Amino acid sequence: MKTDHAESLIDALNTIFGRHEGYRASHAKGLGVKGVFIPTDTPGDIKVPLLHNRQTVKARFSVGGGKPGISDKSPTVRGIGLRIGDGDGSWGLDMISAPVFFANSAEQFRAFLAARQPDPVLGGPNPERVKAFNAANPNTLPHQRYMAPAKPK
């Protein structure tokens, strides 16, 4: 295993989804937007100083997974990344649509992906490896149960 955690996670994602030049390894399909946040004339209860002034806004809406051509109706999480302001005073927020995340560490994320690597004989993930991972990592099951019936419209 590589010592660079970020690089090893990207390698693991690319093993599952393939490499797609010019696209992110995770949340490969997305749409970026930019605009301006304009506060109201009456600040009300806003306690964040950054939001008292006009600020640039950049956002990215995405579909989970590493396939840039994935259907918008696929049963996977949706993401939004939001950046308000520029430079040191900026504010960032990254969110996914699921109320739970499947991994509690980078190591568990890599193990989750490793259990789902395509088996050359089966042509897909080995169900026994997936079952063993799930048994050893019960904290990942709420996310899997949440996503199972998910049918975006």
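Worth a mention:
- Nearest 10 degrees, 0 to 90: helix 127-136 Cα axis against the chain principal axis: 60
- Calculated FRET efficiency for the pair Asp94/Thr42, C-beta based, R₀ 35 Å, to 0.05: 0.70
- Structure-based [θ]222 nm, the chain - -39500 (n - 2.57) summed over DSSP H runs of at least 4, per residue, nearest 500: -7500 deg cm²/dmol
- Stretch gain in nm, segment Glu128-Val33, where the contour uses 0.36 nm per residue and the Cα spacing is subtracted: 30.0 nm
- Full-stretch length increase - His52, Leu82 - with 0.36 nm per residue and alpha-carbon distance subtracted: 9.1 nm
- Dipole-positive endmost among Thr40, Leu82, Ser71 within the stretch 24-91 (Cβ charges, Cα centre): Ser71
- Full extension of the chain segment joining Tyr23 with Glu7 gains 4.3 nm, where the gain is 0.36 nm per residue of separation less the Cα-Cα distance.
- Sites Ala136 and Thr15, calculated FRET efficiency, Cβ-Cβ separation with R0 25 Å, nearest 0.05: 0.80
Every number here is computed from the coordinates shown, using simple stated rules; none is lab data. These numbers were taken from a predicted model, which means no experiment stands behind them. Cβ coordinates were reconstructed from backbone atoms using ideal geometry, including for glycine residues, and neighbour counts include every protein chain displayed.
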